[in-house]
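Structure record follows, encoded as structure tokens.
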Amino acid sequence: MRLSAVKGTYDVLPDDQPRWRALLRSTAEVLGRAGVDEITTPVFEHLEVFEKSVGESADLVVQKEMYTFEDRGGRWLTLRPEFTAGVLRAYIEHGMYTWPAPVKLWSAGPAFRAENVQRGRFRQFHQVNCELIGGRSALLDAEAIALLVDTLRAAGLAGVHVKVGSVGDVDDRERYNAYLRQALAPVADELSEVSRERLRLNPLRVLDSKDARDQALLARLQRPLDLLGPEARAHFDDVVAALRRWDVPFEIDPAIVRGLDYYRFTAFEVHHAGIGAQSALGGGGRYDGLVANLGGPDVPGIGWAFGIERVLDALHGEAVALPGRQRPLAYLVPLDQEAVGEVAALARALRAEHRVEHGYVARNPGKGLRDADRAGAKVAVLRGARERADEHVVVKDLRSGAQQRLALRALAEHLRSVERSEPNPDEAPRHGPESAR
RNA sequence: GUGGAUGUAGCUCAGUCGGUUAGAGCACCGGAUUGUGGUUCCGGGGGUCGAGGGUUCAAAUCCCUUCAUCCACCCCA
């Protein structure tokens, strides 16, 4: 049987690479200006890193969807299903709690979950992750949300919908769960099967129901936001005030819910309408207590992640112009055997400044120009016996068809002027978050 | 784990009352054009019709099984 990529994995082909690079470049720019430094952590960690991060309530599902294996040394290792746990492990391991707070870190790379695939959901997927660690201020919550929005905008996305809510503290959550059980008990028979099951296992998640009748029943109920304690309420109000002051567009979602229970206070999601059922581009929240769970000091933090595949999907849907594969400025055609070596040496010199390709076997001009055309070059440079006689090359502009004989030593300057007159789109400066607004 | 749709050339697809050597467009190679490309014209290579089994004189087509892909459910760090 023919070999194929593993289910849920895929290849990023050359034509797609510039889109990835552009997204990561603008991300690094926006986050860097905000004082967020990049950190790269391993793609696998000790199983315990993820076990401890999800805590006791480690949903069986969550465990089941981790790629865990035993290595030859008998260590139980897990391919990261998310970034936060690994980044916090590094934060603790390197004593970053002694650095001036807050410590701001971002990362990008693959993550792995053994899920069933559908649009926007893969088994190896890629995320950009950002953590602001070591501060309780609501300004950090607002900054995190603003950075997520700014990053997506800098990537060129317009149609992002930001939902902000709060899951409160531990007491708030317990209180709301109790309220839900009590409020829904009388109408349990009218709930969908899925929601009845959720009510039993994890009442909060009933709020996520996609069933219209469920939502009708829920409409009369109080939302988590309505039952927040005074501390969480004040924190949330501060976050909202900061976002409004900064003109960050968002809507309050009083029913926002997180699957894992390490989240405290602020929770947020960013959605996009054009990417199918998995409409979340990303999301995040505050996780006071997580660092302590992982064996570090009791340091609070807030973080988010977005899915690179989903953002690229959304960009495609918005028909945002994205760079394609880079094309050579010049393609050098050897017209005889001796010229093969000559153009190779010439290309090597010209590559100090430009993308230059060349043929590896002697071609007649017809074939050679076709090669140059297919390579997508702006100009073709021909070299054969006639040119060798007086140290010239023939330079042909493949767009206009204009052709000239040029002294070999004048070629570099000529190519420079071609490049100046029509810069490669991939090298053109991209707009920043300001111009995207 | 569940449901639906789809699997035919490198890519996008046509081809079902079962009936010659299975087609198109794009891509690729060659020629028209042995020192001038991209347009055009002519020609060519390329197929276990996802796989296995069955029915039939005859299967891409009908039946069974299986695998894969996509979308959705479930779940969602």
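Every read-out reported here was derived from the displayed coordinates using simple, explicitly stated rules and does not represent laboratory data. Quick caveat, the model's predicted, so the values are computed rather than measured. Positions of Cβ are backbone-derived with ideal geometry, glycine not excepted, and every protein chain shown enters the neighbour counts.
Which value at 222 nm does chain A reach when only helices count, each DSSP H run of 4 or more adding -39,500 (n - 2.57), with the total divided by all residues and rounded to the nearest 500 deg cm²/dmol? If you can, show how the numbers build up before the last one.
On the way: 16 runs with 164 residues, N = 437.
My calculation for chain A gives -11000 deg cm²/dmol from helical runs alone.
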Stokes-Einstein diffusion coefficient of chain A, Kirkwood radius over Cα pairs, 20 °C, 1.002 mPa s, in µm²/s: 85
A:Leu77-A:Arg325 FRET efficiency (beta carbon distance; Förster radius 35 Å; 0.05 resolution): 0.45
Cleavage-rule hits, chymotrypsin sites (Phe, Trp or Tyr not before Pro), region A:306-395, DSSP coil, Cβ neighbours within 10 Å at most 15: A:Tyr360
Degrees, to the nearest 10: A:308-317 long Cα axis against longest axis of chain A: 70
A:Asp189-A:Glu251 FRET efficiency (beta carbon distance; Förster radius 45 Å; 0.05 resolution): 0.85
Inter-site label distance for A:Lys367 and A:Asp397 at 7 Å from Cα along Cβ, in nm: 2.9
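Write down the Kirkwood hydrodynamic radius of region A:330-427, to one decimal in angstroms, obtained as one divided by the mean of 1/r over all alpha carbon pairs.
That comes to 13.2 Å for region A:330-427.
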Those lysines that a straight Cα-Cα span of less than 21 Å connects to A:Lys52, excepting residues fewer than 8 apart in one chain: A:Lys64
In region A:236-296, the chymotrypsin sites (Phe, Trp or Tyr not before Pro) that fall in loop regions by DSSP, at most 16 other Cβ within 10 Å: A:Trp246
For region A:184-284, the spread of Cα positions along each principal axis, largest first, Å: 45, 37, 26
Computed E for A:Glu70/A:Asp15 - FRET, C-beta separation, R0 30 angstrom, nearest 0.05: 0.20
Prolate/oblate/rounded call for region A:56-160, Cα gyration tensor, a/c under 1.5 rounded: oblate
